[in-house]
Amino acid sequence: MHQETGLQRKLAALFAADVAGYSRLMAADEEFTTTTLAQYREIMDGLIAHYGGRIANTAGDSVLAEFASSVEAVRCALETQEALRHRNDTLPEDKRITFRIGISVGDVIERDGDLLGDGVNIAARLESLAAPGGICVSSAVRDQIEGKLTLQVRSLGNQRLKNIPRLVRAYQIGAENGAQLSTLAILKSRLRGRGTGMALTALLCVGAAAGVAVYHHVWEGGPKDGLSAARDALDRQALEAAAQKAIAGRDIIRTEAFGGHDYSVVRTDGGSWAEADAEARAMGGALVSITSQEENDFITGLIREEEALWEEWKPGHYTGPWIGLLRQPGAQGPEDGWIWVDGAPLSYSNWYEHQPDNQGGNEGVARFHHWGEDRPPQWGDASGLEQARGYVVEFE
């Protein structure tokens, strides 16, 4: 039956590779990127063949290959990243092409040479967790290569991967003598993937000292006007406290790319705007700045169906995630003085009617609200003392 339908089941190690920041590279220099990518693909394709692999699917900047052995798949990935790193060393930083690689092992269906199935999807999701130039593998792969290869192994814990119904334990691996990335650099790079689900607790704990340094730079140096004054009005102690503790219950539930930037949706068990602002900066990004209807539609698409982000405030009215919008102290009216966390003025807005209203005289930050299923989420002003179940981080 399998031969008649063109379907065949088999166990395979799946190797998924994708270029980090491909859209940005193409927008900056399409011809150079296309030519260089072809050269890099020659290197990768040759190594896949050398280690006994077969390329099953390619699309633009992505590659899916299968191997009979997890060990050979990992060896291929390690040598590929090392070879491409040497090639990148000869290029300006903004021209470098770096691949992320994810490897899983599982039962797959082969149909006319293409590979389908859960193992393929997991490999693709693991690839999105890897740092640019890095490799991320499943626990099954980790078990199969243990004792056979000398590697640096970093556990990423159980991951909630997009469209995968179960948790998947993931590991970042690298050659024993390879360069080590700092914890914050690893996180920042990893968040530039898509479909990431990752607990933030360990990162915030390790990154606390770095975070405090950032906040002292903001508060103790530079002018106390504009953005700095607005943040200052939200309580310096709250920011430093957020940087110094590992806040439990923070999970990145979704990461997607749009317009050359990457966006992560973070679910929390409750946190103030100041805490969200501090955590976003410790992650290497910032609370989202929304500057067009298209970007707003993209963000609402990310958060609208994520029930964990919304809390019913009164019947039919739900409060949602923080965004990077705050009001400068001394503004005369509720609609005056609003700026984004990157210092940009408010050139586009999507307030609900009667918002902002500065109710109580202390609503100086913004979040999404949702009134009724038939209306998309819009913005409302809020007090910096309020709690939210999530926030959206934007990465350059």
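Of all residues in segment 145-195, which are among the polar types (S, T, N, Q), buried (at least 19 other Cβ atoms within 10 Å of the Cβ) and at pLDDT 50 or above?
Gln159, Gln172
Restricting to segment 363-386, count the residues that are more than 16 Å from Ala280 (Cβ to Cβ) and open to solvent by 10 Å² or more (accessible area, probe 1.4 Å).
Count: 14.
I'd like the full set of residues that are within 13 Å of Ala382 (Cα to Cα) and crowded, with 20+ Cβ neighbours inside 10 Å, limited to segment 334-362.
Hits for segment 334-362 are Trp338, Gln355, Pro356.
Find the residue count for segment 132-144, including only residues that are more than 23 Å from Asp251 (Cβ to Cβ), in contact (Cβ under 8 Å) with a residue 12 or more places away in the chain and open to solvent by 50 Å² or more (accessible area, probe 1.4 Å).
1
How many residues does segment 63-80 hold that are under 25 Å from the mean Cα position of the chain (by Cα) and without any contact (Cβ under 8 Å) to a residue 60 or more places away in the chain?
Total satisfying the criteria: 2.
State whether the residues of segment 307-319 include one that is open to solvent by less than 10 Å² (accessible area, probe 1.4 Å), of a type in the set (Val, Ile, Thr) and either closer than 18 Å to Asp277 by Cβ or in contact with a Cys (Cβ under 6 Å, 6 or more places away or on another chain) (or both).
Within segment 307-319, none of the residues are open to solvent by less than 10 Å² (accessible area, probe 1.4 Å), of a type in the set (Val, Ile, Thr) and either closer than 18 Å to Asp277 by Cβ or in contact with a Cys (Cβ under 6 Å, 6 or more places away or on another chain) (or both).
Could you please let me know if Ala286 is modelled with pLDDT of 80 or more and under 14 Å from the mean Cα position of the chain (by Cα)?
Criteria met by Ala286.
Please work out if Gly21 is at positive phi and out of contact with any Ser or Thr (no Cβ under 9 Å at 6 or more places or on another chain).
It is false that Gly21 is at positive phi and out of contact with any Ser or Thr (no Cβ under 9 Å at 6 or more places or on another chain).
Please work out if Ala331 is open to solvent by less than 50 Å² (accessible area, probe 1.4 Å), modelled with pLDDT of 90 or more, farther than 30 Å from Gly21 by Cα and of a type in the set (Gly, Ala, Ser).
It is false that Ala331 is open to solvent by less than 50 Å² (accessible area, probe 1.4 Å), modelled with pLDDT of 90 or more, farther than 30 Å from Gly21 by Cα and of a type in the set (Gly, Ala, Ser).
All but one of (1) open to solvent by 60 Å² or more (accessible area, probe 1.4 Å); (2) out of contact with any Leu (no Cβ under 8 Å at 6 or more places or on another chain) hold for Gly21; which doesn't?
In the conditions (1) open to solvent by 60 Å² or more (accessible area, probe 1.4 Å); (2) out of contact with any Leu (no Cβ under 8 Å at 6 or more places or on another chain), Gly21 misses (1) alone.
The values are calculated or read from the model by the stated rules, or taken from the named source; none is laboratory data. Keep in mind that this is a model prediction, so the values were computed, not measured. Methodologically, a virtual Cβ is constructed for each residue, glycine included, from the backbone with ideal geometry; neighbour enumeration extends over all protein chains shown. These accessible areas exclude ligands, DNA and RNA; they are computed on the full protein's heavy atoms, side chains included. Shrake-Rupley method; radii C 1.70, N 1.55, O 1.52, S 1.80 Å.
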